[in-house]
């Protein structure tokens, strides 16, 4: 029996991805820090969709978290054929607003954890008849974001890593997708400590629901798409960042996030 392993599955996009997979009768392993939320999610998904759901409550910013996950999978004798690297967060404001350790924890979760999980699970994924890797990036991947600078840079890494990995694994049974949502109605702004009124208004005006994002993401992953940008407005925004001078784009973004 194979499972889809989803990080950051307690709420938001991660939970919505879990629901989309449950609708397709896919068994789930849900990973996040909030054990209470995970237990409730597992109960609801099991009762509603009659699938097997297990949980592991762990703080992925801990340096040994991936080793702990691998040991847990081995003890349970679980096979994974879908890896959904969704866990991540941002920090809003000037770089010196936060301690170096705060930035490093974010970078570790956003970049190191997905790479480590991919590396560790590649042998298991390669042994499956068909396997999938989905890395959740961001529309912030496509340009520098003053005011969300290190977060955007970390998501640029995920975009580049995923595209390269897709080519490396092209002749295998593993399909690699990177999903780039724009503004989504989740707790991200609160976790990122966004205080800019312009940024908050813009997000509210353009927000997609996590359910919409998850549906697009899962459908694209199962079709084998490498790069998935959610929503027409976000696709237009990415196109404009490619067409317009970078300095102009960055100056405009700075006027929103650095007010």
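The values are calculated or read from the model by the stated rules, or taken from the named source; none is laboratory data. Predicted, not measured: the structure shown is a model, and the values here were computed from it. Neighbour counts run over all protein chains shown; Cβ positions are idealised from the backbone, glycine included.
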Counted residues, the stretch 89-108 - those being within 13 Å of the chain's Cα centre (by Cα) and crowded, with 22+ Cβ neighbours inside 10 Å: 1
Qualifying positions in the stretch 62-88 - surrounded by fewer than 17 Cβ atoms within 10 Å (Cβ to Cβ), in contact (Cβ under 8 Å) with a residue 24 or more places away in the chain and within 24 Å of residue 192 (Cα to Cα): 63
Which listed residue is under 16 Å from the mean Cα position of the chain (by Cα) and either assigned to a helix (DSSP H, G or I) or on the phi < 0 side of the Ramachandran plot (or both), from 160, 166: 160
Positions within the stretch 221-232 being surrounded by 15 or more Cβ atoms within 10 Å (Cβ to Cβ) and in a helix (DSSP H, G or I), in sequence order: 221, 222
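Hey, among 213, 218, 194, which residue is farther than 18 Å from residue 11 by Cα, touching a helix residue (DSSP H, G or I) at 6+ places or on another chain (Cβ under 8 Å) and either in a loop (DSSP other than H, G, I, E, B) or at pLDDT 85 or above (or both)?
Numbers: 213 fails: farther than 18 Å from residue 11 by Cα; 218 fails: farther than 18 Å from residue 11 by Cα.
It is 194.
Could you please find all residues in the stretch 18-41 being in a helix (DSSP H, G or I) and within 21 Å of residue 213 (Cα to Cα)? Don't jump to the end; show me each part of the working.
First, the residues of the stretch 18-41 that are in a helix (DSSP H, G or I): 18-23, 35-41.
Once the filter is applied, which keeps residues that are in a helix (DSSP H, G or I) and within 21 Å of residue 213 (Cα to Cα), the stretch 18-41 yields 18, 19, 20, 21, 22, 23, 37, 38, 41.
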Condition met for residue 177 (surrounded by 20 or more Cβ atoms within 10 Å (Cβ to Cβ) and not in a helix (DSSP H, G or I)): yes
